[in-house]
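The values are calculated or read from the model by the stated rules, or taken from the named source; none is laboratory data. The model shown is predicted, which means the values in this text are computed figures rather than measured ones. Don't worry about glycine lacking a Cβ; one is built from the backbone with ideal geometry, like all the others, and counts go over all protein chains shown.
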Amino acid sequence: MYQVLFKRLEGNEDIKLPSKMSEWAAGFDLQAAVSEPVVLGPGERKLIPTGLSMAMPAELEAQIRPRSGLAFKHGITCLNSPGTIDADYRGEVKVLLINHGQEAFTITRGERIAQMVFQVVPVVTIVETDELPETVRGAGGFGHTGV
């Protein structure tokens, strides 16, 4: 089990810490810490604050992902999805939202806007080589394995 520390930034004492909405949920919902309602017009994108900063072990990353309900009902999703928060970042967690819907959408304080999923980051060593092992697929790219 990993421990992740969260700090509420000044003026955001009313904002809840990230929380799971069901026992087996993978993601922790994040709330908007906007000081006044933010209108996101069709095709518009905005960076939405959460009022929180965090510290997590070096073995983890936090991925910011869309909430399926907002995406389905209103076309609201995360533009950089999944967005990665590295373990050494200590600034405010913010969510880059975009409106792919047909109508303006208003984001209010405390609204659940995204989810945060924690993943273990493997330790990887990059090695340069002049030759790669062969595979059946080879260099076949986009659409190579079927429709």
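A few comments on the model shown:
- Elements of type strands (runs of 3 or more DSSP E) in segment 13-97, at least 1 residues being farther than 29 Å from Gln3 by Cβ, at pLDDT 95 or above and not basic (Lys, Arg): 38-40, 76-78
- Hey, Lys7 of a type in the set (Lys, Arg), more than 15 Å from Val117 (Cα to Cα), assigned to a strand (DSSP E or B) and within 16 Å of the chain's Cα centre (by Cα) or not: no
- Yes/no for Gly101 being in a loop (DSSP other than H, G, I, E, B), at pLDDT 95 or above and either under 21 Å from Pro18 (Cα atoms) or touching a Leu at 6+ places or on another chain (Cβ under 7 Å) (or both): no
- Residue in segment 108-118 that is within 14 Å of Pro18 (Cβ to Cβ), of a type in the set (Phe, Trp, Tyr) and surrounded by 11 or more Cβ atoms within 10 Å (Cβ to Cβ) present: yes
- Residue in segment 17-46 that is farthest from Pro66 (Cα to Cα), counting only those that are surrounded by 11 or more Cβ atoms within 10 Å (Cβ to Cβ) and charged (D, E, K, R): Glu44
- Residue within segment 129-138 that is over 30 Å from Asp29 (Cα atoms), small (Gly, Ala, Ser) and in a loop (DSSP other than H, G, I, E, B) present: yes
- Residue that is hydrophobic (A, V, I, L, M, F, W, C) and farther than 22 Å from Ala33 by Cβ, where the choices are Val120, Val95: Val120
- Segment 101-143, residues that are out of contact with any helix residue (DSSP H, G or I) (no Cβ under 8 Å at 6 or more places or on another chain), under 30 Å from Lys73 (Cα atoms) and without any contact (Cβ under 8 Å) to a residue 60 or more places away in the chain: Gln119
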